2 protein chains.
Amino acid sequence: MDEMTFLNGGITSAKGFRTAGVEAGVKYAQRRDVALILADVPCVTAGVFTTNRVAAAPVVVDREKLAATPRSQAIVVNTGCANACTGAQGLADARAIADASAKLLGLDPSLVLVSSTGVIGTLLPVDRIIAGVEKAKAALAVGDIPNEQAACAIMTTDTVQKRAAVQVTIDGKVVTLGGMCKGAGMIEPMMATMLAYVTTDAAVDATWLQSALKAAADVSFNRVVVDGDESTNDTLICMASGLAGNTTIDGNHPDAEKFLAALKAVCTNLAKQIVMDGEGVSKFVTVKVRGARDTGDAHLVARAIARSPLVKTSWFGLDPNWGRVICATGYSGAEVDERLVRIYYGGICAYDCGRVADEATLAQMTEIMRERSFEVVVDLGLGEGEDTIYTCDFTFDYVKINAEYTT
Amino acid sequence: MDEMTFLNGGITSAKGFRTAGVEAGVKYAQRRDVALILADVPCVTAGVFTTNRVAAAPVVVDREKLAATPRSQAIVVNTGCANACTGAQGLADARAIADASAKLLGLDPSLVLVSSTGVIGTLLPVDRIIAGVEKAKAALAVGDIPNEQAACAIMTTDTVQKRAAVQVTIDGKVVTLGGMCKGAGMIEPMMATMLAYVTTDAAVDATWLQSALKAAADVSFNRVVVDGDESTNDTLICMASGLAGNTTIDGNHPDAEKFLAALKAVCTNLAKQIVMDGEGVSKFVTVKVRGARDTGDAHLVARAIARSPLVKTSWFGLDPNWGRVICATGYSGAEVDERLVRIYYGGICAYDCGRVADEATLAQMTEIMRERSFEVVVDLGLGEGEDTIYTCDFTFDYVKINAEYTT
């Protein structure tokens, strides 16, 4: 097997991981709201967290633990309460949940990580969450049902649970990576907390895993998510059990690139699921920028287009309004010469270095925009810089969901 | 008279200016779409234009003219077509309109400026606009009716015409400043073209007027308008006829600050009218940031809050969702310590250095948010930096207007 194979899997697809998602009554009755991921052995662990200056208590705690030792064996996640802006009490609560869970699971507290998502500014119901962890411990299992229940137990405004898994061969051993995530923000998805967990049975060097996870985040979650627009709780954690039997992967391993590609594939697949489930989304749009002076410029342009409410509402309105696209391109901060710019909707040219598509061609583009998913390409004609961002339109339902979701 | 007096006036309130707004059939029948401002004498003139790399032809032409000589005597404005992304033909068209208008008005072409607003990427109907200027010349007058007709003739999706005027005393002479503007973007208003014109009868030094106009723009149009998010056509022009009889105002004039305050007042009044008329707006919100490390940080925070779709939809939903405000504060890029932050809605504290308002207090804030206009204050508790941005909520109607406004 030289290629990567996508599986219908999740957080327990890799060897050595069990999971459960249970009802703990964190905020609402009769919904799964506490998830537990438990590994059979201590795992090499990497984490990428929010860059928001206002970081939630669980983010502070996990950062501290992974900085001290890049290892973990369990993660406890709750939805319904973000434990953000909760001060010293919030930190104490996050630590109390980790400590109590460690005791229940017979682990050293340093090996238990915690995540929270939900409303900012309210305190965690610590006892109910610990009771939930006890219930989850009893339900721990491998397979589709626990994968799905755990993925459901981390959702907030998500409408579907989100999972992905791939297999690759490393040293002739089958290595599996599986994951789950939640997130359903739209214009600036990171403002609605994004939580993502990836497990693998590969043996991986801790330092290399941290840099690989950062690289994977950069082409996946950071490509649906404009850098810097991050919630207080955003978290991406990767646990590697080492049970696949390969020699430890680091930068010198011949299959390092193959593992990295698999990690990127799982993360990108999960990230795209977040956009697809964006609040009120009706269109999934891939914005590709090429011909920029450099990669930084390409990113500025892609980000400006993907963030522009005027562009996003035009997608919702099936209007190939390239004027709004070139306008966002112009104010992005990137080097732009409108005489060299080409703009395409689904491969059809709307604006070609000053020449404008006619009505019939614009009508063709409108047809393409009727699809659930389409591509907008901007070629700046200046250099080799390119970037891709996955984004979505801006709809009535987005406003409705966010106007009605109350504190 | 030591104070500033607001008048019910407009672009002809200052001595030496006449105006007209006429139907020229630029894009639609039976609507005023060409405005002409004519001064009795050549005027000292300053201009502030879009920083968008993709600048419309009229912006290119006006910039060139004012760089060569900071004087003008007439401005021709059309709505219905932006003359942006129209290449060499667009530039030739803008010059042809200025030249033909100069001939009609008996002026040197260097003294005639042009502005356009409307759809990007279509060519101007040059002949119809020149015919419109001829019609406008015949209608030129002073007073409420021409002021209103000119202000209407520059509107696009604006629902109301926008004018302002003030008087101050300089050297014992009454000096009047009057203006009009158009613009009705919402989240990023500069993407929907903002055009503003201010006339005054003060005698003003050209170099000083340019710096004064920039300073006035910074506290007005750039405070409803996030820096850098500018349309291809944004324009603010100030013409000074000098007919008030004062000694020429420059940086050393004892009343320089008084004139600057009046210029800022007219610009701020016009800028607020743009927000009030924002597309689909139901709330006018003043975001005040204080206690920032410096002014730059205060601006970052105010801008992040004013731009956040999650914050803006919460305003629409009458939800004092301070969690979204502190989240935007945290990712703004400014120095933030959540333990020192205070957040107020209409003077009532929602978040006080970690203490959170109770349900009854939140209900009071919801009452305040029922008003058409309210204030959100964020005190970072770190230093002396402060900034204010005027902004609005994000509604169903915004999506509707922008999804249905087609190329």
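Compute a Gaussian network model of chain A, connecting alpha carbons closer than 10 Å, and tell me which residue from A:Lys264, A:Lys173, A:Lys137 fluctuates the most. Checking each option, the largest mean-square fluctuation is seen for A:Lys173. Amide H contacts for B:Ser282 (H built 1.01 Å from N in the peptide plane; partners 5 or more residues away or on another chain; cut-off under 5 Å): B:Asp393.
Would you please classify the overall shape of the stretch A:18-63 from the alpha carbon gyration tensor, given that a ≥ b ≥ c denote the square roots of the eigenvalues, rounded means a/c under 1.5, and beyond that prolate means a/b larger than b/c while oblate covers the rest? Oblate, because a/c is 1.5 or more while a/b does not exceed b/c. Each 5 Å bin from zero up to the one holding the largest Cα-Cα distance in the stretch A:231-328 carries the following percent of pairs: 2, 9, 13, 16, 16, 14, 11, 8, 5, 4, 1, 0. Rounded to the nearest whole Hz, the Karplus-based 3J(HN,Hα) values (6.51 cos²θ - 1.76 cosθ + 1.60, θ = phi - 60°) of the stretch B:347-363 follow the sequence x, 9, 7, 9, 9, 10, 6, x, 8, 10, 5, 7, 4, 5, 5, 4, 5, with x at glycine and proline. Per residue, the accessible area of the stretch A:300-384 comes to 36 Å², computed with a 1.4 Å probe over protein heavy atoms only.
Based on the alpha-carbon gyration tensor of the stretch A:242-284 and its eigenvalue square roots a ≥ b ≥ c, which shape applies: rounded if a/c is under 1.5, prolate if not and a/b is larger than b/c, or oblate? Here the stretch A:242-284 falls in the prolate category. By a 1.4 Å probe calculation restricted to protein chains, B:Cys349 has an accessible surface near 40 Å², given to the nearest 10. The simple Förster model, with R0 at 35 Å and r as the Cβ-Cβ distance, assigns B:Glu3 and B:Ile348 a FRET efficiency of 0.65. Each chain gives up part of its surface: B and A jointly bury about 4600 Å² of accessible area, both sides summed, for a 1.4 Å probe. Only counting protein heavy atoms at a 1.4 Å probe, give the residues of the stretch B:67-115, ordered by number, whose accessible area falls by 50 Å² or more when the other protein chains are present relative to the chain alone. For the stretch B:67-115, once contacts with the other chains are taken into account, B:Cys85 lose 50 Å² or more. Between copies, the label points of B:Ser211, set 7 Å from Cα on the Cα→Cβ line, lie 5.1 nm apart, reported in increasing order to one decimal in nanometres.
If you sort A:Lys65, B:Lys27, A:Lys272 by accessible surface, 1.4 Å probe, largest first, the order is B:Lys27, A:Lys272, A:Lys65. For the stretch B:274-407, what class follows from the C-alpha gyration tensor (a ≥ b ≥ c being the square roots of its eigenvalues): rounded when a/c is under 1.5, otherwise prolate if a/b is larger than b/c, else oblate? Judged from the Cα gyration tensor, the stretch B:274-407 comes out oblate (a/c at least 1.5, b/c at or above a/b). Using θ = phi - 60° in the Karplus curve 6.51 cos²θ - 1.76 cosθ + 1.60, the 3J(HN,Hα) couplings for the stretch B:207-214 round to 5, 5, 4, 4, 6, 5, 5, 4 Hz; x is entered for Gly and Pro. Extending each Cα 7 Å along its Cβ direction at A:Ala139 and B:Lys288, get the distance between those two points in nm, one decimal. Once both label points are built, they end up 5.0 nm from each other.
Mean projected area of the convex hull spanned by the Cα atoms of the stretch A:280-323, taken over all viewing directions: 3.4 nm².
For B:Ala360, the label point sits 7 Å beyond Cα toward Cβ; its separations from the matching points on the remaining copies run 7.2 nm, from shortest to longest. A Gaussian network model of chain B, with springs between Cα atoms under 10 Å, assigns the largest mean-square fluctuation among B:Gly47, B:Gly346, B:Gly183 to B:Gly346. Atom-type composition of the exposed protein surface of the protein assembly as shown places 51 percent of the accessible area on carbon and sulfur (1.4 angstrom probe).
Inside 10 Å of the C-beta atoms of B:51-57, what's the mean count of C-beta atoms belonging to other chains?
5
Coupling constants for the stretch B:259-268 follow from the phi torsions by the Karplus curve (6.51 cos²θ - 1.76 cosθ + 1.60, θ = phi - 60°), and in residue order they are 5, 4, 4, 5, 5, 4, 5, 5, 5, 5 Hz; glycine and proline get x. Overall size of the protein assembly as shown from C-alpha positions, given as principal axis extents largest first: 91, 55, 42 Å.
Estimated purely from DSSP H runs of n ≥ 4, each contributing -39500 (n - 2.57), the mean residue ellipticity at 222 nm for chain B is -11000 deg cm²/dmol once divided by its residues. Structural size metrics of chain A, computed from C-alpha coordinates, are Rg and Dmax of 21.9, 69 Å.
Spread over its residues, the convex hull of the C-alpha atoms of the stretch A:66-167 is 126 Å³ per residue. With a Cα cut-off of under 20 Å and a minimum spacing of 8 residues unless on different chains, the lysine pairs in the stretch B:193-332 number 10.
In this calculation the C-beta distance from B:Val126 to B:Lys214 is compared with R0 = 41 Å, giving a FRET efficiency of 0.80.
Excluding same-chain neighbours fewer than eight residues apart, the aspartates and glutamates reachable from B:Lys173 by a Cα-Cα span under 18 Å are B:Asp2, B:Glu3, B:Asp201, B:Asp205, B:Asp250, B:Asp255, B:Glu257.
Could you point to the residue in B:Phe49, B:Val377, B:Gly16 farthest towards the positive end of chain B's charge dipole, with +1 and -1 charges on the Cβ of Lys/Arg and Asp/Glu respectively? In chain B, that residue is B:Gly16.
Here B:Lys135 is the anchor, and the lysines within straight C-alpha reach of less than 19 Å, apart from those fewer than 8 places off in the same chain, are B:Lys27, B:Lys103. Relative contact order of the stretch A:205-324, taken over Cα pairs closer than 8 Å and 6 or more residues apart, is 26 percent. The same position A:Gly333 in the other copies lies at 0.5 nm from this copy, comparing label points 7 Å beyond Cα toward the beta-carbon, shortest first.
The values are calculated or read from the model by the stated rules, or taken from the named source; none is laboratory data. Just so it is clear, the model here is predicted, and its values are computed rather than measured. Neighbour counts are summed over all protein chains in view; Cβ atoms, including those assigned to glycine, are modelled from backbone coordinates with ideal geometry. Remember, those area values only see protein heavy atoms, side chains included, never the ligands or the DNA or RNA. Shrake-Rupley method; radii C 1.70, N 1.55, O 1.52, S 1.80 Å.
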